[in-house]
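The values are calculated or read from the model by the stated rules, or taken from the named source; none is laboratory data. A quick note: this is a predicted structure, and the numbers were derived from the prediction, not measured. FYI the Cβ positions are ideal-geometry reconstructions off the backbone, even for glycines, and counts take in every protein chain you see. Ligands, DNA and RNA are excluded from the accessible area calculation, which covers all protein heavy atoms including side chains. Shrake-Rupley method; radii C 1.70, N 1.55, O 1.52, S 1.80 Å.
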Amino acid sequence: MSGIVFHQQQVVFPSHHCKCCSVPRIKGERVGFPYLQHGYAASCPKFVKLSPHAVVGGSGGAQYSEQWLDARKKQKREKIAGIDQDELLDPLLLADADSCFCEFRGVQIHHKVYDAESQSNDAESQSNNSSQSHTISQVAHNSSWKLGLPMILLHGFGASVYSWSRVMKPLTEVTGSKVLAFDRPAFGLTSRVDASTYLSTGTNDAKPLNPYSLAFSVLATLHFIDFLASEKIVLVGHSAGSLVAVDSYFEAPECIEALILIAPAIFAPNAAQKPGEQDKAGRENQTEGEISNSNMLAKPFIKIFEILLKCITCITQAIVQMTKGMTDMLNLMYKRTLSAILRSAFGVMLIRVIIDKFGRAAVRSAWHDPNQATEHVLNGYTKPLRAKGWDKALAEFTAATLANAQSESKSPMSKRLSEISCPVLIITGDNDRIVPSWNAKRLSQAIPGSCLEVIKNCGHLPHEEKVDEFVSIVYKFLHGAFGDQKEPSLQGAVV
């Protein structure tokens, strides 16, 4: 067979049989190209689909038209949550006009800073972003009282500096000082460093922190406190950012004047037993012990019985501890295996699939009214998906979060909440589908003297959904804690 010659999408078979198989062909018969693709020619096991523009000669070579190649390239373009993945950029190239970058331990951290004096200079940028207009709370705007301390804002999982865009400028009116928000590593426009390469740069005596760990975000927060050149600040955390805020407080309580936790993704323990009830229980146990001792002295049989009971109790406790140890070991192995999977190519692919299928839907579900999550809002949340290495960074972040959860170097945060002594405000929406409002109520009970405010008809994003109400609540809380005590302030949480 000398070859197959295409003539305007028609094929002429010069021989009776195809030489690569035994399928009979009719000599001299012309067949249309669609029939060749989908008809009997497809039965040939070595049949290859070719473009109508291709010409195959005896040498077997093929020349494809530029038009067909361009069409193939467009067909192969991959999109994640609507974002083209074929042309990912360095985060520096995605920066806004007001974006700033600073290097911290080898990571370029994206941040934005606003202060009251610069607001008039930004009027033009506000008019260019009418859907993102910033409304100054009338309570704060009409008052001469200013806190005089800077504020740092910490975003939650999957968010970025963008999530604070509606309230940064109004909050400068409240503080009378600078308001700073930064993108935590793995999010926003902060650089995505390769974790394995980054961690290999240290020595055995001084290994660098995982840039995607909670501890690194805490140190970055403390770095920005120094950057603002202020002895004290107000620290605000939203959702998972609340974990960073509280950990930062425990790391440097002398630097945190107040904490504001919005829809905090912090597991809240059940209400602890009141001190009076604990004393009563202790007295009852002591009385029972005294009675038991007197019985042992009076009745040797009871004494022997109780000794046996203690032995059985000790053996039972040993078995329980052994079982618990095995469970902890299996749990540790499970988490380490899961971390390894997340860091693998399969884990990164899984991250991409999840973000593609549920990313935009998750943003909508965070709002009380999903219709408020406009295309402009969705674009703001998905913009970081245009940054190089976003998928690997997110996988590393998830693995680092698991590693932090399995760490036993310090007490669980839920057991340390009672140690917080600065003023604390907790804000939640009554229709939060991501972190239920009842968890915020429990948290307010676990932190002594904290204030709780529940915003009606609001979801997981009070600072985006209810800007005026949110700013007003923050103002009243700060004024009540640090201003004229005669002014009305928020009530404490009801236990």
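Numbers at a glance
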| quantity | calculated |
| --- | --- |
| Over 30 Å (Cα to Cα) - which of Lys357/Lys388; Lys79/Lys466; Lys383/Lys476 fall in this group | Lys79/Lys466; Lys383/Lys476 |
| Accessible area expressed per residue, region 387-457, with surrounding protein chains retained (probe 1.4 Å, Å²) | 48 |
| Spin-label pair Asn371/Leu93, simplified geometry with 7 Å Cα→Cβ offset, distance in nm | 3.9 |
| Charge dipole magnitude, Cβ of K and R +1, D and E -1 - region 356-399, Cα centre, debye nearest 20 | 140 |
| Three principal axis lengths of region 148-247 [C-alpha, angstrom, descending] | 47, 29, 20 |
| Estimated inter-spin distance, Asp115 and Ser196, nm [label 7 Å along Cα→Cβ] | 4.5 |
| Distance in nm between pseudo-label sites at Ser414 and Thr337 (7 Å out along the Cβ direction from Cα) | 2.5 |
| Gap separating the Cα centres of region 175-251 and region 97-113, nearest whole Å | 12 |
| Accessible surface of Leu214 - all protein chains present, 1.4 Å probe, nearest 10 Å² | 30 |
| Volume per residue of the C-alpha convex hull in region 351-391, rounded to whole Å³ | 59 |
